[in-house]
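**Student:** Following this message is one structure expressed as structure tokens.
The values are calculated or read from the model by the stated rules, or taken from the named source; none is laboratory data. Quick caveat, the model's predicted, so the values are computed rather than measured. Here the Cβ positions follow ideal geometry from the backbone for every residue, glycine too, while neighbour counts run over all protein chains shown.
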Amino acid sequence: MATATATAMDQYLEQTNTELAFFELGSVIEGDIIHKDKSLILVDLNGVATGIIAGRDLNDSANTKDSLNIGDRVTAVVIGDENPDGLVVLSLRKASQIRAWDRFKEMYDNKETLTVKALEANKGGLLLEMDGIKAFIPVSQLAPLHYPRVEGANSEKILERLNALIGIDFTVRIINIDEEGRKLILSERAAMEEQVKEALGKLEPGSRVKGKISGIVSYGIFVTFGGLEGLVHISEIAWGHVSSPGKYGKVGDEVEVLVIGVEGGKISLSMKRLKDDPWVSIAQKYKEGDTVEGPVTRLTDFGAFVHVEQDINGLIHLSEISHEVVKDANDFLKVGQRVKAKIITLDLKEHRIGLSIKELLPKPEGAKEEADEKPAKKAKKEEKEESSEEAAE
């Protein structure tokens, strides 16, 4: 009899120890809700013990305290030994994180996409949290439409642009999993990889496309369309001189552009080629020797530019401003001042007009006739050099 009793006791202890093993820190267990109030939930753990869930551990991605009822079966993680009341401390939130982590690893392996919202931003990118797991979208992994393209990489302006992205939906792909730190690195660019590849394959020079301005810099305007991004170089914004691309739009504006080049992943666009070339009418309307009148649009070290019509400006070289020696155009002219000038060169191929004020002025007594056209040629050369410098930028 004693042997039988001992055997039964051994079996009971063995079963109890096996069940108690499930209550080790970090173990995942199931139980039924037997009590619920405003601040906590009590869970029956298969009749062996009672668990308690309180505070922030009451909520997971699928449930909140308010959605759970007595009798519901829940999965939780042991996060503490028995408290002074003999209750095992549990967490629904931790269990949710484990399920989520497994799901994210599967999405990473299968290269699946997911939709997320950023909670905050720093200078390096966007921060978010999914089912209690921290994630990060680096700036370099943002799609062209959201990339904070800022002149001079000004950190304050970058942060301002990133803060404007908080709360909006992003379609991303997990590109890195930090098992130890329990963090995810996400990429919007990777999520759009196939879409971009397909769109790029269909894009041909000569196509007219509609898109949005995604960035404005000193050398041009970036435009996104269909997951792609191209550059309208400063020389392709307007037919005339463009001193500031920012005068032709702002980030977010919708624009229509012409695709003029596709090389690898680099897309060249034009805004001016969708408008009539004003040089066609210039060729029909003007010839060398004609007189034009217009305002001075800008002054340079080598002369002054005068508006002729539409986007066209002509150059008055320093040597063509006056019969006097002119070292600084500011001494004779002001921006906005209307002047009359004679067309002394009209190069339709190079899109340049050379003007002269002094040709319309009486020559001082005793002045000699100029032996050649060196000033006009010099003006053309200097204007060309300036244009080349702008193109290089």
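**Student:** Which residues, taken from the stretch 343-357, are among the basic types (Lys, Arg) and surrounded by fewer than 19 Cβ atoms within 10 Å (Cβ to Cβ)?
**Tutor:** So the first thing to find is which residues in the stretch 343-357 are among the basic types (Lys, Arg), and the list is 349, 352.
If the condition is that a residue be among the basic types (Lys, Arg) and surrounded by fewer than 19 Cβ atoms within 10 Å (Cβ to Cβ), then Lys349 is the only one that fits.
**Student:** Then there is this: Could you run through the stretch 174-202 and say how many residues are under 17 Å from the mean Cα position of the chain (by Cα) and either buried (at least 16 other Cβ atoms within 10 Å of the Cβ) or outside any helix (DSSP H, G or I) (or both)?
**Tutor:** 8
**Student:** Would you be able to say whether some residue in the stretch 145-160 is in contact with a Phe, Trp or Tyr (Cβ under 8 Å, 6 or more places away or on another chain), in contact (Cβ under 8 Å) with a residue 24 or more places away in the chain and under 16 Å from Thr115 (Cβ atoms)? Walk me through it before giving the result.
**Tutor:** In the first step, residues of the stretch 145-160 are kept if they are in contact with a Phe, Trp or Tyr (Cβ under 8 Å, 6 or more places away or on another chain); the result is 146, 149.
Of the ones still in play, those that are also in contact (Cβ under 8 Å) with a residue 24 or more places away in the chain are 146, 149.
Still in the running and under 16 Å from Thr115 (Cβ atoms): 146.
So far as the stretch 145-160 goes, yes, one or more of its residues are in contact with a Phe, Trp or Tyr (Cβ under 8 Å, 6 or more places away or on another chain), in contact (Cβ under 8 Å) with a residue 24 or more places away in the chain and under 16 Å from Thr115 (Cβ atoms).
**Student:** Continuing with the same structure: Checking the conditions here, which among Thr171, Thr224 is modelled with pLDDT of 90 or more, in contact with a helix residue (DSSP H, G or I) (Cβ under 9 Å, 6 or more places away or on another chain) and not acidic (Asp, Glu)?
**Tutor:** Values: Thr224 fails: in contact with a helix residue (DSSP H, G or I) (Cβ under 9 Å, 6 or more places away or on another chain).
Result: Thr171 is the single residue among Thr171, Thr224 that is modelled with pLDDT of 90 or more, in contact with a helix residue (DSSP H, G or I) (Cβ under 9 Å, 6 or more places away or on another chain) and not acidic (Asp, Glu).
**Student:** Let me ask something else about it. Would you confirm, using the coordinates I've provided, whether Leu318 is among the hydrophobic types (A, V, I, L, M, F, W, C), assigned by TED's automatic domain parsing to the domain that holds Ser244 and modelled with pLDDT of 90 or more?
**Tutor:** Details: among the hydrophobic types (A, V, I, L, M, F, W, C): yes; assigned by TED's automatic domain parsing to the domain that holds Ser244: no; modelled with pLDDT of 90 or more: yes.
No; evaluated as a whole, the condition is false for this residue.
**Student:** With the condition kept exactly as written, say whether any residue in the stretch 306-314 is acidic (Asp, Glu) and farther than 30 Å from Lys358 by Cβ. Break it down stepwise before answering.
**Tutor:** Here is the first cut: in the stretch 306-314, the ones acidic (Asp, Glu) are 309, 311.
Then keep just the ones that are farther than 30 Å from Lys358 by Cβ; that gives none.
Within the stretch 306-314 (the criterion being acidic (Asp, Glu) and farther than 30 Å from Lys358 by Cβ), the answer is no, since none of the residues qualifies.
**Student:** Further, regarding this structure: Residue check, Glu30 against (1) surrounded by fewer than 19 Cβ atoms within 10 Å (Cβ to Cβ); (2) in contact with a helix residue (DSSP H, G or I) (Cβ under 7 Å, 6 or more places away or on another chain); (3) closer than 30 Å to Ile174 by Cβ, all met but one. Which one?
**Tutor:** Going through the list (1) surrounded by fewer than 19 Cβ atoms within 10 Å (Cβ to Cβ); (2) in contact with a helix residue (DSSP H, G or I) (Cβ under 7 Å, 6 or more places away or on another chain); (3) closer than 30 Å to Ile174 by Cβ, Glu30 breaks only (2).
**Student:** Do we find a residue being in a helix (DSSP H, G or I) and not acidic (Asp, Glu) anywhere in the stretch 249-257? Show your work before the answer.
**Tutor:** Of the stretch 249-257, the ones in a helix (DSSP H, G or I) are none.
Scanning the stretch 249-257 turns up no residue that is in a helix (DSSP H, G or I) and not acidic (Asp, Glu).
**Student:** Of these, Val259, Val255, Val217, which one is buried (at least 18 other Cβ atoms within 10 Å of the Cβ), out of contact with any Pro (no Cβ under 6 Å at 6 or more places or on another chain) and more than 30 Å from Met107 (Cβ to Cβ)? It would help to see each step written out before you state the result.
**Tutor:** Details: Val259 fails: out of contact with any Pro (no Cβ under 6 Å at 6 or more places or on another chain); Val217 fails: buried (at least 18 other Cβ atoms within 10 Å of the Cβ).
Answer to the selection: Val255.
**Student:** Sticking with this structure for a sec: Among the candidates Gly354, Gly289, Gly336, single out the residue that is more than 30 Å from Pro205 (Cα to Cα), outside the structural domain of Leu258 (by TED's automatic domain parsing) and assigned to a strand (DSSP E or B).
**Tutor:** On the way: Gly289 fails: assigned to a strand (DSSP E or B); Gly336 fails: assigned to a strand (DSSP E or B).
One residue alone meets the criteria, Gly354.
**Student:** Restricting the search to the stretch 157-170, which residues are surrounded by 14 or more Cβ atoms within 10 Å (Cβ to Cβ) and assigned to a strand (DSSP E or B)?
**Tutor:** Across the stretch 157-170, the qualifying residue is only Phe170.
**Student:** Among the residues that make up the stretch 48-65, is at least one of them under 30 Å from Arg173 (Cα atoms) and at pLDDT 85 or above?
**Tutor:** no
**Student:** Of the residues in the stretch 266-291, how many are under 28 Å from the mean Cα position of the chain (by Cα) and surrounded by fewer than 11 Cβ atoms within 10 Å (Cβ to Cβ)?
**Tutor:** 1
**Student:** Confirm whether Ala304 is more than 20 Å from the chain's Cα centre (by Cα) and without any contact (Cβ under 8 Å) to a residue 40 or more places away in the chain. Spell out how you get there, then give the answer.
**Tutor:** Numbers: more than 20 Å from the chain's Cα centre (by Cα): yes; without any contact (Cβ under 8 Å) to a residue 40 or more places away in the chain: yes.
Criteria met by Ala304.
**Student:** Across the stretch 224-248, which residue is farthest from Gln310 (Cα to Cα) among those that are assigned to a loop (DSSP other than H, G, I, E, B) and in contact with a strand residue (DSSP E or B) (Cβ under 8 Å, 6 or more places away or on another chain)? Write out each step before concluding.
**Tutor:** Residues of the stretch 224-248 assigned to a loop (DSSP other than H, G, I, E, B): 226-227, 237-244.
Then keep just the ones that are in contact with a strand residue (DSSP E or B) (Cβ under 8 Å, 6 or more places away or on another chain); that gives 226, 237, 239-241, 243.
On the way: Gly226: 32, Ile237: 14, Trp239: 9, Gly240: 8, His241: 11, Ser243: 16 Å.
Going through the qualifying residues, I end up with Gly226.
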